[in-house]
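Peer 1: My questions will all concern the structure given below.
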Amino acid sequence: SAPAQVRLPRLIRDSMVLQRDAKVRIWGWAAAGEKVQVTFKEKKIKTAADKAGKWFVELSPMKAGGPYDMHIDASNHVTITNILIGDVWICSGQSNMVHQMELHSIRYADEIATANYPQIRHFWIPTMTDLQGPHDDLPTGYWKSANPTDVRQFSAVAYFFAKVIYQKYHVPIGL
């Protein structure tokens, strides 16, 4: 089969946080049958894309730490940088969970100005409504660290939750 460029979902990108102490799936797309190799923490895992062009590997459970780089090789080479291993929390809910720090910039002005937690990362997912069924990927999304600029886009509830957990356990946090 003809090679195609390996693609990754929006969630798998620079500055991501992977769940510690659990198997972690890394996945993407390539040409049908294309061989793919994922190198992470000096371990190489090989797989091949299926007939639909989908592929995945599972990383063994890892202890908290980082930052690390991941290399994905097929007909092209992709490097993902600044990866942390820690605790990943899914924070969802109604309007109170969506309230971003920026909406409370007067009340939390000092908190925003002094945010310096590169180990706390937030993956922003756009609000979407689609009743057609599940999708393979998101239209956009990115990982950002808790700093005075980027913390403004964090959910206020999620940020304060992550800050308490991080200060108590000193483990990277992904939201």
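Peer 1: Taking segment 88-125 only, how many residues are part of a loop (DSSP other than H, G, I, E, B), modelled with pLDDT under 95 and closer than 14 Å to Lys144 by Cα?
Peer 2: Going through segment 88-125 one residue at a time, the tally reaches 1.
Peer 1: Of the numbered conditions (1) open to solvent by less than 60 Å² (accessible area, probe 1.4 Å); (2) closer than 30 Å to Ala48 by Cβ; (3) not in a strand (DSSP E or B), Thr79 satisfies every one except a single condition; which is it?
Peer 2: Evaluating Thr79 over (1) open to solvent by less than 60 Å² (accessible area, probe 1.4 Å); (2) closer than 30 Å to Ala48 by Cβ; (3) not in a strand (DSSP E or B) leaves (3) as the failure.
Peer 1: Look at Asp69 and say whether it is of a type in the set (Asp, Glu), surrounded by 16 or more Cβ atoms within 10 Å (Cβ to Cβ) and either touching a helix residue (DSSP H, G or I) at 6+ places or on another chain (Cβ under 9 Å) or not in a loop (DSSP other than H, G, I, E, B) (or both). Lay out the reasoning, then the answer.
Peer 2: Values: of a type in the set (Asp, Glu): yes; surrounded by 16 or more Cβ atoms within 10 Å (Cβ to Cβ): no; either touching a helix residue (DSSP H, G or I) at 6+ places or on another chain (Cβ under 9 Å) or not in a loop (DSSP other than H, G, I, E, B) (or both): yes.
Judged against the criteria, Asp69 is not a match.
Peer 1: Across segment 1-33, which residue is surrounded by the most Cβ atoms within 10 Å (Cβ to Cβ) among those that are of a type in the set (A, V, I, L, M, F, W, C) and outside any loop (DSSP other than H, G, I, E, B)? Spell out how you get there, then give the answer.
Peer 2: Applying the first criterion (of a type in the set (A, V, I, L, M, F, W, C)) to segment 1-33 yields 2, 4, 6, 8, 11-12, 16-18, 22, 24, 26-27, 29-32.
Among the residues that remain, those that are also outside any loop (DSSP other than H, G, I, E, B) are: 17-18, 24, 26-27, 29.
On the way: Val17: 25, Leu18: 23, Val24: 16, Ile26: 23, Trp27: 17, Trp29: 20.
The residue in question is Val17.
Peer 1: So Ile85 passes all but one of these: (1) more than 22 Å from Ile173 (Cα to Cα); (2) open to solvent by less than 40 Å² (accessible area, probe 1.4 Å); (3) not small (Gly, Ala, Ser). Which condition number does it fail?
Peer 2: (1)
Peer 1: Just name the residue that is least open to solvent (accessible area, probe 1.4 Å) out of those in segment 34-66 that are within 22 Å of Gly174 (Cα to Cα) and among the basic types (Lys, Arg).
Peer 2: Checking each candidate, the answer is Lys41.
Peer 1: Same structure, new question: Residues being within 20 Å of the chain's Cα centre (by Cα) and in a loop (DSSP other than H, G, I, E, B): count how many of those fall in segment 34-48.
Peer 2: The number of residues fulfilling the criteria is 1.
Peer 1: Output the residues belonging to segment 102-124 that are surrounded by 14 or more Cβ atoms within 10 Å (Cβ to Cβ) and over 22 Å from His170 (Cα atoms).
Peer 2: His104, Tyr108, Trp124
Peer 1: Sticking with this one: Restricting to segment 153-169, what's the tally of residues that are out of contact with any Leu (no Cβ under 9 Å at 6 or more places or on another chain) and either among the hydrophobic types (A, V, I, L, M, F, W, C) or open to solvent by 80 Å² or more (accessible area, probe 1.4 Å) (or both)?
Peer 2: Initial filter on segment 153-169 (out of contact with any Leu (no Cβ under 9 Å at 6 or more places or on another chain)): 153, 157, 160, 163-169.
With either among the hydrophobic types (A, V, I, L, M, F, W, C) or open to solvent by 80 Å² or more (accessible area, probe 1.4 Å) (or both) added as a condition, the list becomes 157, 160, 164-165, 167-169.
So the count comes out to 7.
Peer 1: Given (1) free of Cβ contacts under 8 Å to residues at least 60 places away in the same chain; (2) under 13 Å from Ser15 (Cα atoms), where does His99 come up short, assuming only one miss?
Peer 2: Of the numbered conditions (1) free of Cβ contacts under 8 Å to residues at least 60 places away in the same chain; (2) under 13 Å from Ser15 (Cα atoms), the odd one out for His99 is (2).
The values are calculated or read from the model by the stated rules, or taken from the named source; none is laboratory data. As the structure is a prediction and not an experimental result, all values here were calculated from the model. Reconstructed Cβ throughout: ideal geometry from the backbone, glycine too, with neighbour counts over all protein chains shown. Ligands, DNA and RNA are excluded from the accessible area calculation, which covers all protein heavy atoms including side chains. Shrake-Rupley method; radii C 1.70, N 1.55, O 1.52, S 1.80 Å.
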